[in-house]
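What follows draws every value from the coordinates through simple rules; no lab data is involved. Since we're looking at a predicted model, the values are computed, not measured. For neighbour counting, all protein chains shown are included, and Cβ atoms are generated from backbone atoms with ideal geometry for every residue, glycine included.
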Amino acid sequence: MNFKMLPTEIKLLVLSDPVVMTLKPVRSLDIYDGATQNFHEDGLYSTSIFGRVGSEERDQRFSYIDIKAKVLHPKIFRDLTRLKGLYRGILQGKETAIFDDNAKDFVASNAPEAQTGYSFFIANWLKIEFRKNKSPTRQQRVEFIEKYRASALTDRIVVIPAGLRDLEVDDGGRQSKNEINDLYFRLLSISNTIIKNRDMESPALDVPRYALTNCFAEIYTMLEAMIEGKKGFMLDKWGSRRIYNGTRNVLSVMDTSSAKLGALNAPSYDSTMLGLFQTIKGLGPLTIHLLRNSYLANVFSEGDSSAPLIDTKTLLPELVSIAPATRDKWTTKEGLLSIINSFADKEARHRHVMVEGRYLALIYKGPDMTFKIFGDIRELPPHLDKKHVSPITLCELLYLSGYNRWNRYYVSCVRYPVTGVNSVYSSRTYVKTTTIGEVRRELDNNWMPIQGDDALALEFPLASLPAFFDTQAPHSSRLVGLGADFDGDTGSATFLMSEEATEENRKYLSTRQAWISTDGSLRASASYDTVALVVHNLTRR
């Protein structure tokens, strides 16, 4: 069955009798019941209306205020006054007009028969024929007003749960209220001046009705500001593009060249190139696990207040008493996360890792493109030169903690706005450190090369190179589907860490569906705009 994709539709909240049947209204301006410290039963903080302080009900129960006279909903009121300034003038009682039955609209006039005021406007409200033009914004406003014209007037205004705006008392006994409560108090004050009778459309109610409309509009605007915009609750918490254990970066060009066809350090067609910082952040839980079980496990033993660190002059290990704060930094989740975050400082990436004024570890980088992390210069075999030994850097520590694991994971790549199915795709990960890296093989405890591809560090960082790869580079064949170029476009990469997700993506990328669309066209193709432009410039075709 095919389901049609529809946008989310937000409707006006109409507080009809069935809706408010189970709600108790707020009627009183009093906060407390007499001289007691108990909330008034009919007040804005009532426990019988909203529930006990601290309970879940107090964060969920709504109420309403009966303002007695019907006023325009703030959304309708705002759209109306933006369509035509005369409407506001009439509602406010500052401009006179007549209703032209031929034009089906108000026309400004100073004639003796001209009228003004809220009641005059509402008497002709249903007769207005709003005119559209080529402006999409005006068309949307007119369509919205016409859709909800019949339910645009209300004499009941919703009150949000007390738990979201509760009264707070500090240690000095001073009370502080959320500013929305002042607007609710104003609504109650104005409505208390109105006495219900048979003629609730009397011109005598024009002034309080317009005051109620303005107050209602302020409440609406305040609540709207809380949820709209990048910092609003809705977009910031629910609709944001930030994803836990993911990364979002400016898209850059992938270098698809290789000195040897099919080399392990050449990103494959189904890969996305990501910087080391993006990877260790996106794979945060895995990075912490790998650090704990890497060389750090040999230095920081559980329950031990000392650690074998390396003297900066002799390069020999010494047992050093470490401070609790230092121990927490290198053993706890929060501490290791701070070390990962410190990699954001580019100046710190090639610095030697120091603990209590000593080196954390040494690293051998041989001319035969091998490496080994160790902790005592005396471990270096006699046939190996000490000049190839140096203290380990932060970049080396982080990269080598999982050098044979990073590229095993898959990411879900997305570019917003999504323009089609090819704006979202699965990809392998290829991790870059410095812009140019080395391929080095790890040595075992006997200082012999470990065999197998898992012992190859494909992007061993070059200490002499300060330039790091700190972005996301999709394969060039994906650019058309993403609708992306390199003028600042950004993309998201969400890491998939479970074994099930990894296996599912591995199988998916070997299927026809991963590469061919339902219409038979390629989902990823080398034929994209940039290539076409280069070919045109070279061949004039």
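Tabulated data
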| read-out | value |
| --- | --- |
| q = 0.14, 0.20, 0.22, 0.25 Å⁻¹, the stretch 326-370: log10 I(q)/I(0) [Debye, one scatterer per Cα] | -0.46, -0.80, -0.90, -1.01 |
| Rounded FRET efficiency, nearest 0.05, which uses the C-beta distance separating GLN139 from GLU224 and R0 of 25 Å | 0.70 |
| Size of electric dipole in the chain: Cβ of Lys, Arg +1 and of Asp, Glu -1, about Cα centre, debye, nearest 20 | 1420 debye |
| Among ILE31, PHE99, LEU223 - extreme Cα towards positive end, dipole of the stretch 17-235, charges at beta-carbon | PHE99 |
| Rg over Rh [alpha-carbon atoms, Kirkwood Rh] for the chain | 1.14 |
| Proxy reagent accessibility, fewest Cβ within 10 Å first, across MET254, MET273 | MET254, MET273 |
| Selection from THR494, THR154, ILE122, by position along the positive dipole direction of the chain (Cβ) | ILE122 |
| Using a Förster distance of 56 Å, the FRET efficiency for ALA263-SER338 (Cβ separation, nearest 0.05) | 0.95 |
| PHE185, PHE77 arranged by Cβ crowding within 10 Å, fewest neighbours leading | PHE185, PHE77 |
| Listed residues LEU86, VAL53, LEU538: farthest to the positive end of the dipole of the chain (Cβ charges) | LEU538 |
| Gained length - ASP376 relative to ALA204, 0.36 nm times residue gap less alpha-carbon distance | 52.6 nm |
| For the stretch 17-235: rounded, prolate or oblate by the Cα gyration tensor [a/c cutoff 1.5] | prolate |
| Value of relative contact order over the chain, rounded to a whole percent, pairs C-alpha under 8 Å and six or more apart | 12 percent |
| Sites PHE62 and LYS132 - FRET efficiency at Förster radius 51 Å, r taken between beta-carbons, to 0.05 | 0.90 |
| Only Lys, Arg (+1) and Asp, Glu (-1) charged, at Cβ; the stretch 311-430 dipole about Cα centre in debye | 380 debye |
| Compactness of the stretch 286-410, expressed as Rg and Dmax over alpha-carbon positions, Å | 14.7, 44 |
| Angle between the chain longest axis and helix 136-147 axis [Cα atoms, degrees, rounded to 10] | 50 degrees |
| Cβ charges +1 (Lys, Arg) and -1 (Asp, Glu), total dipole of the stretch 17-235, debye | 860 debye |
| Residue order, fewest to most beta carbons within 10 Å, for ILE190, ILE516 | ILE516, ILE190 |
| Bridge type composition, the chain - antiparallel percent by DSSP, nearest 5 | 85 percent |
| Alpha-carbon Debye profile of the stretch 97-148, log10 I(q)/I(0) at 0.20 Å⁻¹ | -0.78 |
| Extension gain (nm, one decimal) between ASP101 and VAL20, 0.36 nm per residue minus Cα-Cα | 25.4 nm |
| Helix axis angle, 206-227 relative to the chain longest principal axis, alpha carbon, degrees | 10 degrees |
| Angle between the chain longest axis and helix 333-342 axis [Cα atoms, degrees, rounded to 10] | 80 degrees |
